[in-house]
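Each remark here refers to the structure printed beneath this line.
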């Protein structure tokens, strides 16, 4: 089933790579929303329901952890799985992200296979 | 994997980090750009007129930089975006900045304790080669030289502490 994805990363090149990796993983995207930081992502979510959020951690204005902490209060994000995609690779960051509500964690650099490996189970659990 | 203090104690010149820096760079190009880097045969210098830099702060302070020709930077953007070389535009800076960021992140993740004890700055990209970078350290930078599609890449880590 086609899904609506929100990709949050301060690099437009990285957003494009993530979008392409989702397609390579066989995930059919009906809509892709892109935001450069947490504030932009929250603004997008006000008017646009999504099925999956992929989010970087280190971003200006509002970082990824701060952003996902705010998601329970956002109507269009309730129950939406979040997968972090970040250069931050420590166990402490993983634990922090998962405790903030993330369902998956992908370390950069990543392959399309790793995206598939982490995102498909998350989407399967949601449906 | 050794801890930061063990690594520093084992080799005060941090020369042991050069292989880690090389592996960290190779992995970024293999996974994100789908290409293998090779080792240059000689040491001939070309005009490396694009420089991406990421600052490191915390347990390890310093600057990691990736230098290359403009053509190599455009080729990186082309590979990352999946578009033809002639379609690449202003995304070049973003692309090489992100490559530098991933090399720095991947490098620190390879040293136990450094992943959480060292923070990265957002990348800065400089175009042009007529500049001198001065650092508050008297030790020479750790340097790795590799070829990307036959074009020279110089990855440097200047450690401050």
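Other protein chain C-beta atoms within 10 Å of residue C-beta, averaged over B:116-122: 3. Averaged over the residues of peptide A:107-114, the number of Cβ atoms from other protein chains lying within 10 Å of each residue's Cβ is 5. Peptides B:122-133, B:87-98 ranked from most to least packed by the mean count of surrounding Cβ atoms within 10 Å: B:87-98, B:122-133.
Stretching the chain fully between residue A:92 and residue A:39 yields a gain of 16.7 nm (0.36 nm per residue, less the alpha carbon separation).
Along its first, second and third principal axes, ordered by size, segment B:60-161 spans 42, 31, 23 Å in Cα coordinates.
If you run the Gaussian network model on chain A, springs between alpha carbon atoms under 10 Å, then out of A:80, A:61, A:94 the most flexible one is A:61. Rounded is the label for chain A, because the ratio a/c of its alpha-carbon gyration tensor axes (a ≥ b ≥ c) stays below 1.5. Axis of helix B:91-109 versus longest Cα principal axis of chain B: the two differ by about 30°, to the nearest ten degrees.
With all projection directions averaged, the alpha carbon convex hull of segment B:23-63 covers 4.5 nm². When chain B is treated as a GNM with alpha-carbon contacts under 10 Å, the residue of B:142, B:37, B:85 showing the greatest mean-square fluctuation is B:85. For chain B, the longest principal axis of the Cα atoms and the long axis of helix B:17-32 meet at an angle of about 40 degrees.
Rounded to whole Å, the principal axis extents of the Cα atoms in segment B:5-124 read 48, 32, 24, largest first. Binning the C-alpha pair distances of segment B:73-118 at 5 Å intervals from 0 yields a P(r) profile of 5, 24, 21, 13, 11, 11, 9, 4, 1 %, listed from the shortest bin outward. Per residue of peptide B:29-35, the mean number of Cβ atoms on other chains within 10 Å of the residue Cβ is 3.
Taking 8 Å as the Cα distance limit and 6 or more residues as the minimum spacing, I'd like the relative contact order of chain A as a percentage.
Taking the mean separation of contacting Cα pairs over the length of chain A, I get 24 percent.
Take the Cα of residue B:139, go 7 Å toward its beta carbon, and the backbone nitrogen atoms of segment B:10-51 under 20 Å from that spot belong to B:10-25.
Semi-axes of the equivalent ellipsoid for the protein assembly as shown, computed as √(5λ) from the eigenvalues of its C-alpha gyration tensor and ordered from largest down, come to 33, 22, 16 Å.
Given a 10 angstrom Cα cut-off, can you work out which residue in B:103, B:66, B:39 is the most mobile in a GNM of chain B? Maximum among the listed residues: B:39.
Each residue, residue A:24 and residue B:23, gets one label point 7 Å from its Cα in the Cβ direction; the gap between the two is 2.3 nm. Can you give me the Cα centroid spacing of segment B:34-58 and segment B:64-89 in angstrom? Comparing the Cα centres of segment B:34-58 and segment B:64-89, I get a distance of 13 Å.
Each reported figure results from applying straightforward, stated rules to the coordinates on display, with no laboratory input. Because the structure is a prediction, the values reported are computed rather than measured. Ideal geometry is used to build each Cβ from the backbone, glycine not excepted, and the neighbour counts take in all protein chains shown.
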